[in-house]
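Presented below is the structure to which this report refers.
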Amino acid sequence: MADLWQDVKKSVDKLATTINVKSKEVVQVSKVKKEIDELRDKIIAHFPGLGEVTYNMYREGNFDQGKIDEVCREIAALEEQVKQKENELKQIYRDSQEARGKRFCPYCELEIPVDAKFCSQCGKNVPDEEKTEN
């Protein structure tokens, strides 16, 4: 009977951990996705200005590559921020999966069995991870 209660307790603890991890993931993902949307809106907002600057230079016969480069650098910087946020999203998903007991190859990022010695995709030796009990 004690074993049954231990199994029930382990199941409840695992469920509580999963719910906790998943709820944190949802909050973090929502925040980062909102930030990505805001950055993309800023990028889109730059295009009319870029077009206007370019057309005005054409109309005046005074083509200034420096002005165009300046706006393009601003757009490129925003695009780089979007890439960083997308990488942040990937890391949030991965951290969430790892917190729920999943393991990934450190080289190709394929999900691998917890006890794997080698990755089935890239074939590299996968270092043993130290297990910590809570």
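Taking θ as phi - 60° and the Karplus parameters 6.51, -1.76 and 1.60, the scalar couplings of segment 73-79 work out to 5, 5, 5, 4, 5, 5, 4 Hz in sequence order, x denoting glycine and proline.
Calculate for the chain the 222 nm mean residue ellipticity that helices alone would give, adding -39,500 (n - 2.57) per DSSP H run of length 4 or more and normalising by residue count, nearest 500 deg cm²/dmol. Each step should come with its number before you reach the end.
Numbers: 2 runs with 94 residues, N = 134.
That comes out to -26000 deg cm²/dmol.
When you filter the GluC sites (Glu not before Pro) in segment 57-116 for DSSP loop state and at most 16 other Cβ atoms inside 10 Å of their Cβ, you are left with Glu109. Exposed loop sites here mean trypsin sites (Lys or Arg not before Pro) with a DSSP loop assignment and at most 14 other beta-carbon atoms within 10 Å; the chain contains its longest site-free run at 1-99. Residues whose amide H lies under 5 Å from that of Arg103, counting only those 5 or more places away or on a different chain, are Ile112; hydrogens are built 1.01 Å from N in the peptide plane. For segment 2-101, the spherically averaged projection of the C-alpha convex hull amounts to 6.9 nm². Amide H to amide H, with H built 1.01 Å from N, Asp64 comes under 5 Å of no residue 5 or more places away or on another chain.
In order along segment 27-33, the phi-based Karplus estimate (6.51 cos²θ - 1.76 cosθ + 1.60, θ = phi - 60°) of 3J(HN,Hα) comes to 5, 5, 4, 4, 5, 5, 4 Hz; Gly and Pro are listed as x.
Karplus-derived 3J(HN,Hα) values for segment 98-104, using 6.51 cos²θ - 1.76 cosθ + 1.60 with θ = phi - 60°, are 5, 5, 9, x, 8, 10, 10 Hz; glycine and proline are entered as x.
No lab work stands behind these numbers, since they all come straight from the coordinates. If you're wondering where the values come from, they're calculated on a predicted model, not measured in any experiment. Glycine also receives a Cβ, built like all others from the backbone with ideal geometry; neighbour counts cover every protein chain displayed.
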